[in-house]
Structure formats: structure tokens, C-alpha cells
1. Taking the condition in contact with a Pro (Cβ under 7 Å, 6 or more places away or on another chain), under 24 Å from His214 (Cα atoms) and in contact (Cβ under 8 Å) with a residue 24 or more places away in the chain, does Ala6 pass?
2. Return a yes/no flag: does the range 230-237 have any residue that is part of a helix (DSSP H, G or I) and under 24 Å from Ser131 (Cβ atoms).
3. Where residues in the range 196-237 are in contact with a Phe, Trp or Tyr (Cβ under 7 Å, 6 or more places away or on another chain) and acidic (Asp, Glu), which of them is nearest to Trp46 (Cα to Cα)?
4. What residue, of Arg238, Arg250, is buried (at least 19 other Cβ atoms within 10 Å of the Cβ) and among the charged types (D, E, K, R)?
5. Among (1) β-branched (Val, Ile, Thr); (2) outside any helix (DSSP H, G or I); (3) farther than 23 Å from Val114 by Cα, where does Ile157 come up short?
6. Given Thr76, Thr57, which one is exposed (fewer than 14 other Cβ atoms within 10 Å of the Cβ), among the β-branched types (Val, Ile, Thr), under 14 Å from Val117 (Cα atoms) and in contact (Cβ under 8 Å) with a residue 12 or more places away in the chain?
7. Just to check your reading of the model, which residue among Glu25, Glu84 is in a helix (DSSP H, G or I) and either farther than 20 Å from Pro126 by Cα or at pLDDT below 95 (or both)?
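The values are calculated or read from the model by the stated rules, or taken from the named source; none is laboratory data. Owing to the predicted nature of the structure, the values given are computational and were not obtained by experimental measurement. As a convention, Cβ positions derive from the backbone with ideal geometry for all residues, glycine included, and neighbour counts pool all protein chains shown.
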Amino acid sequence: MARMPALYLSHGAPPLADHATWPDELAAWSRELPRPQAILMISAHWEEAPLAVGATTTVPLTYDFWGFPEHYYQVTYAAPGAPELAGKVRKLLRSPATPVLDVPNRGLDHGAYVPLVEMYPDADVPVLQISMPSLDPVRLMEIGRKLAPLRDEGVLIIGSGFFTHNLRAITGDDDLVSPVMKEFDDWGRRSLEAADVDALLDFERKAPGGRLAHPRTEHFAPLFVTLGAAEDELGDQRAVIEGFWLGMARRSVQFG
């Protein structure tokens, strides 16, 4: 079985599904990937400690957003559950000092299903979502390291966030971008290409405008799980999606 890549993608709010190019970019990306046996999602929109495992059966989606037109709340994505993957995740992560919770009624949130609708529209790949128990980059990277063996079993690990995420920097035009967001995106690109993990882990202090690009770190945080899962292949990477959406960087990266 071929080793699966590990991904970090910028998922956006539900309206990003109406973007002129983003759905096609995600669809093309998935066509280039090996067919996964299952998908493990780490989304910016689920913070829970101790680390929690979401539904292992098909349950309703979690519409964790407010104030959008009604049709965004009618989207469905009835992917199969992944109980076998959940068991492997528990085995890899659970220890006396690190319990793993089960949250059987929590469906995929929009950080998970919005991109998956475009990447695997038939909803025929089992999907499991786990929470981020912390926003500490070092701890999240360690979680990724522990999950890395799943890649050899056909599991596609996806960290889903947004490469910059300051809602006050949102504009009404994809071409109208704050210089701070541009500088952070360029710094992130160069740091990833150099595999400068130390700089990325300390992005709040080392990146230009780190705290402005991410007033809270939850949308950058899934990147560290991906980096941990791909630690031995950071030199084998490519930026698959670049550019901006309403002032925020859509940078999305594949490792392996």
C-alpha cells in the first residue's frame, strides 16, 4: 500500500464553495492523490481537551457558523464512519497521562466537510475527525508524529485551517489584500520551503505580523499536526493552492 501524503489546506467559510476557482482546485488536487482508505481530519473548529474522537457512524453535520444564507445549512455529506481508524487513533494517542474521549454524536464541522464536498463529492471515503486538545504548536506536532504511522495504512491526514485568519482584515475583493497578510503568507511560504520548523513553531514572534495574521492561533494550529505527521518528508512538499480570498491567504500544502 502506497504511503499517503499529509495535507494542510485552507478551508474557508461555507461561501468559499462559491469561489471562482477553489472548488476546482480542490477537486483537481484530490484526483492527483492516491485513493485513501480513510481520511483523518483535524479542523480549526474543534478544540476540546482531552483529545476527542468524533462520530464513528454517519451522523448529521455540525453547522458551526451563523448568519449565512439558508442553503449553506442544507448541505449534507453522509460519509461513512471510520470505527476501525478510531480504534487505531486511540491506540496511538492514549496513555495514562493522555486520555482520549469519544464524542459519538459530533458530526463533521465545516472545517472538515466544506473541503471534502469538493475533494470527495461522492462521500464514499470513511472520515474521522479528532479535536485539537491544545493550541500549543509543540504539542500538536507531537500528536502528528504519533499519528504518522497511519499514513502507511492508507489514511489521508488533513489539517484544515486558514493560512491567515483575521476577520478584521476581510475585504470585499480577492485582489485587495492587507500588506500584513501578504507578508505573513510570503514568510510562511519561505519557512515551509526551508523546512524551518523552529520558525513555524514560534510564528507568533518570528513571523511578520504573526499576531495580526492570527489573533487566535486555531486556524494555523492544524498545520502543526500535519508537520508532525510528515516530519521525515518536509523536503518533499508543494504548494497546491495559493492566492487570497477576501483578504485571507488560501495557501494549501502537500507533504509526501
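1. no
2. Within the range 230-237, the subset part of a helix (DSSP H, G or I) is 231-233.
Going one step further and asking which of them are under 24 Å from Ser131 (Cβ atoms), we end up with 231.
Scanning the range 230-237 turns up at least one residue that is part of a helix (DSSP H, G or I) and under 24 Å from Ser131 (Cβ atoms).
3. Glu233
4. Residue meeting the stated conditions: Arg250.
5. Condition not satisfied by Ile157: (3).
6. Thr76
7. Glu25
Yes or no, residue by residue, for (1) outside any helix (DSSP H, G or I); (2) out of contact with any Gly (no Cβ under 6 Å at 6 or more places or on another chain); (3) over 16 Å from Ser43 (Cβ atoms):
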| residue | (1), (2), (3) |
| --- | --- |
| Tyr72 | no, yes, yes |
| Gly107 | yes, yes, no |
| Gly111 | no, yes, no |
| Glu118 | no, yes, no |
| Asp124 | yes, yes, yes |
